[in-house]
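What follows is a set of notes on a single structure, which appears directly below.
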Amino acid sequence: MEWKQTYEIWKNNPTLAENLKIELDQLIDDENALEDAFYAPLEFGTAGMRGLLGAGINRMNIYTVRQATEGVALWMDTLTPEQKERGVAISYDSRHFSQEFAFEAGRVLGAHGIPAYVFESLRPTPELSYAVRHLHTYAGIMITASHNPSAYNGYKIYGEDGAQMPPKESDLITKYIREVKDVFAIEVADQAELIEQGTLKIIGDDVDQAYLAEVKKVTIDHELVATEGKTLKMIYTPLHGTGAMLGERALLQAGFENFTMVKEQAIPDGDFPTVAKPNPEDEAAFDMAIQLGKEQAADLLVAVDPDADRLGAAVRQPDGEYQLLTGNQIAALMLDYILTAHQKLGTLPENGAVVKSIVSSEFATAIAKSYNVEMVNVLTGFKFIAEQIKNYETTHEHTFLLGFEESFGYLIRPFVRDKDAIQSLVMLAEVAAYYKQAGKNLYDGLQELFEKYGYFAEKTISLTFDGIEGAQKIKDLMIKFRATTPTAFGSEKVVVVEDFATSIRKVDLAETTIELPKANVLKYILSDGSWIAIRPSGTEPKIKFYIGAMADSEAAVLAKRAEFEASIMALID
């Protein structure tokens, strides 16, 4: 069906929600905007779907949410009665329409007789992951667009282990979603009736308390925290999202009392009025925390994104300014502390393992190796880290110690199966307390690790290409790099080429197989051990170029990273 026909169906539907009807009236003369909204359905993949809020099949609205949930319900209709009866846990963040979308999903499930457990108010993504496991539901739905700007929302599906749905089941759900041709004909049950009959259950504090009881176990050295927890001065901001209540409770129960939340940013608000982007990867997101930190001479600033699965941090320097840490640096600091603390207490397992994505730093690999801990690399996407955890539980081959991605996502204890900023908040505070006890800060600790393991500097170049032409541009760039393999980046030769789409690793003329699932990723290993990777984003209209530089001094590694970046930009142009 042509996009104009689809647009006419929406425009002329008498049941169309009033806010969407108004939007279509406003766009009546903007053919480009209408085409973008109706030319293709919002893409649904292993990470669920994410898109701009608005009218149309390529937008997030109650109809596309109903369609996605109908796909989930049709899939669950094929399961055993026992599996179906276990139902679905549902949570949501502070974004516009998040609560409405969550309860719409519950109503669609209810029309199929599938129980839904919906949080009474907004809760973080990691708590949704935990709730699936705690309540033994068969699936989970999280309404969030993570760290995207305020114009976005999204929909993520979780499996019974609390991890994002694996590709096999996700593909099945996608098939059922695409079979739903008329989004206006999807049956939704009455919310009040579902609650009265017990098919839709409202959950809240009971799950909070159970989750926080598990977070309490994140602390390794209780004596250290008891000594330093009262003096470590922190600023914490949840960036208008879900992290306020649980973050505060988690810090207090661990023994960290001397922290202040950024008052204005502790209020949930889908407009994110104090930040351009509610993303702890973005330096500007720390502006208010830095201002408050300077007023209080705080040791540590911590920010989490709206669904509280990513965490960023900044450290006070002797001159009173704050140094932001990268996701790779935070992971290295946490890993070194976790291994050191366990070794000190005699609790470091002989078969320990750390799991990271293929586009994350080798800094942590060097640290793990020095403790005889295995480093396991997986594709980007925390579900692949969760897959390894599940495997270790079955085979007992390894004991999981930490999972992380360079994009500010970490998991310390696997009672959650997704990245967890609440756990990470408590752990990073403990790491900061460890250095404070020694008269140092996290930045001092980072310099010590660099001196010991070598200097590592990473950078992610994200290029955004919106709309129909943008999607084609991203495809064309990947085709270009596959057609003509770069021989060098800067002064460093390419010695290994890994194409995860074909599962082929090339070293000179020899080819070996990459033992990972296929993915649209290219990675180049350079002659000095540095690396470059390229991958389109699975959730945003972006293509990402990752740089991992290595050298024996800070000046050398920064110069090398700049050289690699210049090479990449020249190849793009």
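The values are calculated or read from the model by the stated rules, or taken from the named source; none is laboratory data. Just so we're clear, the structure is a prediction, and the values are computed from it rather than from any experiment. Positions of Cβ are backbone-derived with ideal geometry, glycine not excepted, and every protein chain shown enters the neighbour counts. In case anyone asks, the SASA skips ligands and DNA or RNA and just uses the protein heavy atoms, side chains included. Shrake-Rupley method; radii C 1.70, N 1.55, O 1.52, S 1.80 Å.
Some notes on this structure:
- Selection of helices (runs of 4 or more DSSP H) fully inside the range 414-483 by the criterion of at least 1 residues being within 23 Å of GLY320 (Cβ to Cβ) returns 421-437, 442-453.
- The listed residue being more than 15 Å from the chain's Cα centre (by Cα) and on the phi > 0 side of the Ramachandran plot, out of GLY159, GLY87, GLY71, GLY140: GLY87
- Entry remark, the range 343-365: residues being in contact with a strand residue (DSSP E or B) (Cβ under 8 Å, 6 or more places away or on another chain) and either touching a residue at least 24 places away in the same chain (Cβ under 8 Å) or assigned to a strand (DSSP E or B) (or both) number 15 in total.
- Of the residues LEU428, LEU402, LEU411, LEU463, the single one that is over 30 Å from ASN258 (Cβ atoms), among the hydrophobic types (A, V, I, L, M, F, W, C) and in contact with a strand residue (DSSP E or B) (Cβ under 8 Å, 6 or more places away or on another chain) is LEU463.
- Odd one out for SER491, checked against (1) without any contact (Cβ under 8 Å) to a residue 60 or more places away in the chain; (2) exposed (fewer than 13 other Cβ atoms within 10 Å of the Cβ): (1)
- Of all residues in the range 107-124, those that are more than 20 Å from GLU70 (Cβ to Cβ) and in a strand (DSSP E or B) total 1.
- Of all residues in the range 76-101, those being surrounded by fewer than 21 Cβ atoms within 10 Å (Cβ to Cβ), more than 15 Å from LEU128 (Cβ to Cβ) and not charged (D, E, K, R) number 7.
- Of GLU127, GLU104, all but one fail to be outside any loop (DSSP other than H, G, I, E, B), open to solvent by less than 10 Å² (accessible area, probe 1.4 Å), out of contact with any strand residue (DSSP E or B) (no Cβ under 6 Å at 6 or more places or on another chain) and of a type in the set (D, E, K, R); the exception is GLU127.
- Unique residue being free of Cβ contacts under 8 Å to residues at least 60 places away in the same chain, open to solvent by 10 Å² or more (accessible area, probe 1.4 Å) and within 30 Å of HIS134 (Cβ to Cβ) when the list is GLU374, GLU448, GLU469, GLU387: GLU374
- Which numbered condition ALA17 misses (of (1) modelled with pLDDT of 95 or more; (2) of a type in the set (A, V, I, L, M, F, W, C); (3) farther than 15 Å from ILE186 by Cβ; (4) surrounded by fewer than 17 Cβ atoms within 10 Å (Cβ to Cβ)): (3)
- Taken together, the residues in the range 25-72 that are at pLDDT 95 or above, under 19 Å from ASP182 (Cβ atoms), assigned to a loop (DSSP other than H, G, I, E, B) and not aliphatic (A, V, I, L, M) amount to 4.
- All positions within the range 504-528 that are part of a loop (DSSP other than H, G, I, E, B), farther than 26 Å from LEU463 by Cβ and not aliphatic (A, V, I, L, M): ASP508, GLU515, SER527
- GLY352 satisfies every condition listed in (1) out of contact with any Ser or Thr (no Cβ under 6 Å at 6 or more places or on another chain); (2) surrounded by fewer than 20 Cβ atoms within 10 Å (Cβ to Cβ); (3) not acidic (Asp, Glu) except (1).
- Any chance VAL496 is surrounded by 19 or more Cβ atoms within 10 Å (Cβ to Cβ) and in contact (Cβ under 8 Å) with a residue 12 or more places away in the chain: no
- If the condition is being out of contact with any Ser or Thr (no Cβ under 8 Å at 6 or more places or on another chain), closer than 26 Å to GLY45 by Cα and open to solvent by less than 20 Å² (accessible area, probe 1.4 Å), then the range 533-557 contributes ALA533, ILE534.
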